[in-house]
Each structure stands twice: as structure tokens, then as C-alpha cells.
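The values are calculated or read from the model by the stated rules, or taken from the named source; none is laboratory data. In this text the structure is predicted, and so the values were computed from the model without any measurement. With ideal geometry, Cβ positions are generated from the backbone for all residues, glycine too; neighbour counts draw on all protein chains shown. Just the protein is used for accessible areas: all its heavy atoms, side chains included, with ligands, DNA and RNA removed. Shrake-Rupley method; radii C 1.70, N 1.55, O 1.52, S 1.80 Å.
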Amino acid sequence: SAKAAGSNQWSFFKQQMTEQAAVRLRTEASLHDALKNNEFLLYFQPKLDLQTGDVVSCEALIRWKKDGKLVSPVSFIPVAEETGIIIPIGRWVIEQSCKIIREWQKQYNFALPISVNVASQQFADASLIPDIKQLALRHQVSPELLEIEITETSLMNNIDEAIVKLEQLKNAGFGIAVDDFGTGYSSLSYLRHLPITTMKIDRAFVNDLPDDNAIASTILMLGKQLNLDIVAEGIETQEQLDWLKEHDCPIGQGFFYSQPLPLEEFELKYVLPNANEVGTKSSLTAIN
Ligand code: C2E
Ligand code: MG
Ligand code: MG
Ligand code: MG
């Protein structure tokens, strides 16, 4: 009967909810353990000057080494945000990045900026800005070498508070990039007031190049007008790269150049060749 079917659906729904809650609880518990047991690591993806091909910066991307396998941040960052454990995880990402920036300067005499992703919940936390300042100071990192990436959607969630916080970060000298630009709902009038330094064109629009280029063109034009650095994310093909170069996009990252790499491999490919004095030992030993 219809009634029986309805009741079956309800119990199915309840069962699903319970399973989801159980998975969340298990993940939360294991995220705590992961932090305690040092199971997180950072991968690095280079950002290149599209005209010269030089590495100009890199993005730190978190991975979770769980039972010998790498877990993608897409699956655990949302849970970390819901449960609040994103705050210590995010702090770990920032501190680790500061240590690495400093090591590259010390070992290789190479000042390469690192961008770190900041989640919405982390950005909303009152300790974020004092933490960033304190960590940069403690590890003797010049603020221009640390860039914060915040998605357009996180910024627009609480725009008035966001402006105040970004102002503080910018005044302290840190770089600020709007990540996944074009996927949120920025109003242009707000964008003008945001104290940001960089816009990252979301990879969905880079993926559409070269034929479907209305959005990429518009973002490039906007960035130029607002005097911002522009980074194209997710460049995968020569054709996409050619279009971006022709349209004066200054910086890009993507699998066409490089996947995100483990620290050691990133150093070999992108840091060591730029060393002004050749270091003798890997900075890895100093960091871990
Ligand atoms: P995102 O910040 O937009 O990072 C770009 C993502 O696109 C990365 O995925 C990167 O590996 C991937 N990617 C780069 N180039 C290409 C390409 O050419 N093609 C394709 N298909 N993908 C490309 P990943 O590392 O899995 O990170 C996914 C998202 O997880 C990030 O998106 C960011 O939102 C979040 N995330 C990563 N690390 C952290 C972190 O330390 N903290 C926080 N809060 N979020 C993080
Ligand atoms: Mg990012
Ligand atoms: Mg992005
Ligand atoms: Mg993204």
C-alpha cells in the first residue's frame, strides 16, 4: 500500500541519516588522531609566469596519509569544517608553510611565496589573523611570501566582516587571492572594495578554453581594471595555455605544467634549480 511504501521510505531515510552521522563521527575522531599522529602532509603545485615559464609561487595542498593511502582534501575538509577541527588543521598548514618558506631561503637563498588555502570556518575564526601574524613572525617569514587563498563563496558569506579581516591581512603585508573566482556571486560593487591582491580564474572556465572564452576574457579584463594579479587554475592543454598567453594572463598553474608534488620532488624540480648558492643537504631534514 501507499502507506507502507511511505513508511518504508521514511525508515530508509532515517537509516541513511544515521549512517551519514556515523561516518561523520568516525571521520571526526580519525581527524583528531591524524593531527596527533602527523598523518597530514603538504603537496606543492607550482605557479608559473606564462610568458617566461619561470616558477613564481606555489600552492600548498593538504593530503591525509591514512593506512598508506592518500586521502583527498575534498573528502575531509568539509567534515573538518563542520566539526571545528579545521582550526588546528589549518593552523598546521600555515605553520608548515612558514617553516618551508624559511628553509628555502636559508638552504637555497630562494624566496618563493607559498599560497595556503583557508576554509570558510577558519576564516570566520577570530584567532586566524593573530595566528598568521604570530606564525610568520616566529618563523621569520616576510609577509609578502605568504599568500592566503579564500574562495569567492566564503568571502561573500559574510562580506562586511570579510572586508575588515582582509584589510588587516593586507595592512600586515600578506597576499590575498580570491580562489575559484567566477563560481560565486560577487557583486561588482563589492569587488571594488575588497582589499585583495590576486584573482584565480576557476578551472571550470579554463577548461572551456579556447572556444568558450567569454568568462575568462571578462575576468582578465576585470582583473586588469582593478589592478590585480591574475592566476589561471587548471591549465591542462597547450591550446588553453596559448589562449591565455595571447590574452595576457600573467600567471598559471595546472597539470599541463605539473601535478601537485610531494615536498622533496617539488624542491628538486622547482627550488634547487633556482638556488643562488647550492645547498648541501635537503631542507627536509631540518623541517621534520
Ligand atoms: P583549490 O584550492 O581550488 O585547489 C586546486 C585543486 O585543483 C587541487 O586539488 C589541485 O590538485 C587541482 N588541480 C590543479 N591543477 C589541475 C588541473 O590542471 N586539472 C585538474 N582537473 N585539477 C587540477 P586538491 O589538491 O584535491 O584540492 C582540492 C581543494 O581542497 C582545493 O581546491 C581547496 O579548496 C581544498 N584544499 C586543499 N588543501 C587545503 C588546505 O590546506 N586547507 C583547506 N582549507 N582547503 C584545502
Ligand atoms: Mg586554492
Ligand atoms: Mg581553486
Ligand atoms: Mg576549488
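Looking at segment 180-188, can you tell me whether even one residue there is assigned to a strand (DSSP E or B) and either at pLDDT below 95 or farther than 29 Å from residue 135 by Cα (or both)? So far as segment 180-188 goes, yes, one or more of its residues are assigned to a strand (DSSP E or B) and either at pLDDT below 95 or farther than 29 Å from residue 135 by Cα (or both). Here segment 19-35 is the region considered, the condition is being open to solvent by 90 Å² or more (accessible area, probe 1.4 Å) and at pLDDT below 90, and the residue that is nearest to residue 248 (Cα to Cα) is 24. Could you list, in sequence order, all residues of segment 73-118 that are among the charged types (D, E, K, R) and under 16 Å from the mean Cα position of the chain (by Cα)? Result: 81, 91, 95.
Among the residues of segment 183-207, the ones that are touching an Asp or Glu at 6+ places or on another chain (Cβ under 7 Å), farther than 20 Å from residue 94 by Cβ and within 14 Å of ligand 2 (Cβ to nearest atom) come to 6 in all.
Total residues in segment 114-143 satisfying the condition of being of a type in the set (Val, Ile, Thr) and either open to solvent by 30 Å² or more (accessible area, probe 1.4 Å) or closer than 11 Å to residue 98 by Cα (or both): the figure is 4.
Scanning segment 225-237 for residues that are within 15 Å of ligand 1 (Cβ to nearest atom) and open to solvent by 80 Å² or more (accessible area, probe 1.4 Å) returns a single hit, 236. The strands (runs of 3 or more DSSP E) found wholly in segment 36-105 and carrying at least 2 residues that are in contact with a Cys (Cβ under 9 Å, 6 or more places away or on another chain) and crowded, with 21+ Cβ neighbours inside 10 Å occupy 40-49.
Restricted to segment 239-263, and to residues there that are within 12 Å of ligand 1 (Cβ to nearest atom) and in a strand (DSSP E or B), the residue that is farthest from residue 203 (Cα to Cα) is 261. Here 204, 216 are screened, and the one residue that is buried (at least 20 other Cβ atoms within 10 Å of the Cβ), over 24 Å from residue 129 (Cα atoms) and within 16 Å of ligand 3 (Cβ to nearest atom) is 216.
Only a single item in (1) closer than 16 Å to residue 219 by Cα; (2) aromatic (Phe, Trp, Tyr); (3) within 16 Å of ligand 2 (Cβ to nearest atom) is not met by residue 174, and it is number (1).
The lone criterion from (1) within 13 Å of ligand 2 (Cβ to nearest atom); (2) touching a Leu at 6+ places or on another chain (Cβ under 7 Å); (3) not β-branched (Val, Ile, Thr) left unmet by residue 117 is number (2).
For segment 178-187, the condition holds for no residue, the condition being that it is of a type in the set (S, T, N, Q) and open to solvent by 70 Å² or more (accessible area, probe 1.4 Å).
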